[in-house]
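Since every read-out is calculated from the coordinates, none of them should be taken as a lab result. This one's a predicted model, so the numbers in the text were calculated from it and none came from an experiment.
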Amino acid sequence: MAVVANMNSIGDYIRQQREQAKISLRQLAEQAGVSNPYLSQIERGLRKPSAEILQQIARGLRISAEALYVQAGILEDRPGDSGVRSALLTDPHLTERQKQVLVEIYESFRRESQKPPTAEVVAVIRDRPAPDETLVSDEPEPGEPGDGANPE
């Protein structure tokens, strides 16, 4: 059974993301444009990075800066989220690409469910028979006498 690390600080989260991406501390520091000791201090919880530094680290990790902002408490998770985005973004078993795709799908479903129905949809729903009603047709079913398919 896998033990999930406690994400109690932004440093823990950055370290976990870095290790998951198989990037060394030096490589991430170079990609993010920060010093190696400074990044080490952030990961150990000794320094609190600014939003700009978080954005540079996110770029180096190839994750969304928003994910780091939420973890750092700079940005609140979107209201009405029910924790789904946070759960996806902090799941250690998903790759960053999988997280991005799942969040995009989740967001598209949320947007879709918040849209008011169009006039066309309303008309279709209004004209639809109730579930217990059956449609009665004067036209014969295929294969019945008089449908023209079986000339006799």
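If you plug each phi of region 16-26 into the Karplus form 6.51 cos²θ - 1.76 cosθ + 1.60 with θ = phi - 60°, what whole-Hz ³J(HN,Hα) values come out, in order, with x for Gly and Pro?
Coupling constants for region 16-26: 4, 5, 5, 5, 5, 7, 6, 10, 6, 4, 4 Hz.
Starting from 0.36 nm per residue, how many nanometres of slack lie between Gln31 and Leu75 once their C-alpha separation is accounted for? Could the numbers behind the result be given before it?
Working: separation 44, 0.36 × 44 = 15.84 nm, distance 2.36 nm.
That works out to 13.5 nm of additional length.
Assign one of three labels to region 10-114, namely rounded, prolate or oblate, based on the Cα gyration tensor with a ≥ b ≥ c the square roots of its eigenvalues; rounded applies when a/c is under 1.5, prolate when it is not and a/b is larger than b/c, and oblate otherwise. Intermediate results must be reported in sequence, preceding the final value.
Details: a/c = 2.40, a/b = 1.84, b/c = 1.30.
The shape class here is prolate.
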